[in-house]
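First up is the structure itself, then whatever we jot down about it.
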Amino acid sequence: MRSPKDFFRPLAVGAPTPVREVPFRPSRMIHFFDPGNAKMAAKVPSIAPTVDVLLGNLEDAVAADRKEAARTGLVEIAKTTDFGDTQLWTRINSLDSPWALDDLLTLVTEIGDKLDVIMVPKVEGAEDIHYVDRLLAQLEAKAGVRRPILVHAILETATGVANVEEIAGASPRMQGISLGPADLAASRRMKTTRVGGGHPGYLVREDPHGPDGTAPRATFQQDLWHYTLARMVDACAAHGILPYYGPFGDIKDTTACEDQFRNAFLLGCVGAWSLHPVQIGIAKKVFSPEPAEVAWAHKVIGAMGDGTGAVMIDGKMQDDATYKQCQVVVGLADALAARDPELRAAYAAANEE
């Protein structure tokens, strides 16, 4: 067993020193694109300024005979595009596939200094992260990469959920975890073919009432993913990394997409995947605190002073717990405002009211 003192030492001679704290950068939407698709690739320069994270996808949705083209396309895009403040991520193929090793060998040596995060699908335990961690260190040393590339795991198997806590703490490279509902549903043998979102059959029903208990009984649809998402958020929070909701597959149902994203936001997620440009605005809206909420948080923090004791504001009791909640909201708002001028103006206007 490794000594805790060795946890933050590079795993290869010449590799960059691991980070001690995950840098918080806005990542409200992780926007996926197929780098082997010429039409999508041509849109990258115009889409990049509108998103927090741009992810070149090499795994699902890329056919087996196009894997190499997608990998080559991502290298070309990374070398020729100025991403500004937008992060560049990639999702490699699963570790049990014939493409994952070449994904890492090519991307780290060719564009390692451009890549911020590598998303690893179908992570089932700490051993998967340890494998990627060591290999990345060796490749970074070989290529002279100056900063460590971080790792993001996708939670999409029952085994992965069972081991989510050890996955979250497996390496200093761990940036975050995303929920992958489609593959997870298959792994669990769930009886749904939807990619995220609810299901009309997953419900609770009102108790019998009325004469002889025959009155119509209201039903309320439940959230299939609440338990898994909450457990994932707890694991991420405990290990200082960031939780994300994954894909919402019904592109046309923007209302349900917004609802699912908001559920995740309220539970503690910092962002979600966007699979189509229409979902970019939804994620931006949902994962940015409302100006009125930010103004209220500033008001509470101002009234609480050093954050101890309790005060009454507009008839509501505030104490050290709500003070901490308000600090979370203000911290997120400040980080987002630094990148988004429109949001910065909205927060400033709300604070002046």
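Close amide H pairs (under 5 Å, H built 1.01 Å from N) link residue 268 with no residue at least 5 positions away or on another chain. Computed from backbone phi, the HN-Hα couplings of the range 146-155 come to 8, 9, x, 7, 8, 10, 10, 9, 9, 8 Hz, rounded to whole numbers (Karplus: 6.51 cos²θ - 1.76 cosθ + 1.60, θ = phi - 60°; Gly and Pro given as x). Mean sequence separation of contacting Cα pairs (under 8 Å, at least six apart), scaled by the length of the chain, corresponds to a relative contact order of 14 percent.
Computed with the Debye formula from one identical point scatterer per Cα of the range 214-353, without solvent, the log10 of I(q)/I(0) at q = 0.11, 0.13, 0.16, 0.17 Å⁻¹ comes to -0.53, -0.71, -0.98, -1.06.
Convex hull volume per residue, computed on the Cα atoms of the range 28-153, equals 101 Å³. FRET efficiency for the pair residue 50 and residue 165, taken as 1/(1 + (r/R0)^6) with r the Cβ-Cβ distance and R0 = 45 Å, rounds to 0.80. Computed on the Cα atoms alone, the convex hull of the range 139-275 gives a volume of 148 cubic angstrom per residue. Compactness of the range 4-287 is given as radius of gyration and Dmax, 20.0, 78 Å, from Cα positions. Span-like helices, the chain: DSSP H, alpha-carbon axial extent 15 Å or more, mean Kyte-Doolittle 0.0 or greater, which ones? Membrane-span-like by this criterion, though nothing is claimed about a membrane: 100-111, 226-238, 291-304, 320-337.
Compactness of the range 273-353 was expressed as the Cα radius of gyration divided by 2.2 N^0.38 Å, which yields 1.25.
Distant-in-sequence amide contacts of residue 152, defined by a placed amide H-H separation under 5 Å and a gap of 5 or more residues or a different chain, comprise 118, 119, 120, 175.
Note that the range 16-26 has calculated 3J(HN,Hα) couplings of x, 5, x, 6, 9, 8, 5, x, 8, 10, x Hz, one per residue in order, obtained from phi through the Karplus relation 6.51 cos²θ - 1.76 cosθ + 1.60 (θ = phi - 60°); glycine and proline are x. For the chain, the solvent-accessible area of protein heavy atoms averages 49 Å² per residue (probe radius 1.4 Å; ligands and nucleic acids excluded). Between residue 252 and residue 193, the FRET efficiency from the beta-carbon distance, with R0 = 22 Å, is close to 0.85. Using the empirical formula 2.2 N^0.38 Å as the baseline, the Cα radius of gyration of the range 118-160 reaches a ratio of 1.27.
The values are calculated or read from the model by the stated rules, or taken from the named source; none is laboratory data. None of the values given here were measured: they were computed from a predicted structure. In this analysis, Cβ positions are derived from the backbone assuming ideal geometry, glycine residues included, and neighbour counts consider all displayed protein chains. The accessibility values were calculated without ligands, DNA or RNA, using every heavy atom of the protein model including side chains. Shrake-Rupley method; radii C 1.70, N 1.55, O 1.52, S 1.80 Å.
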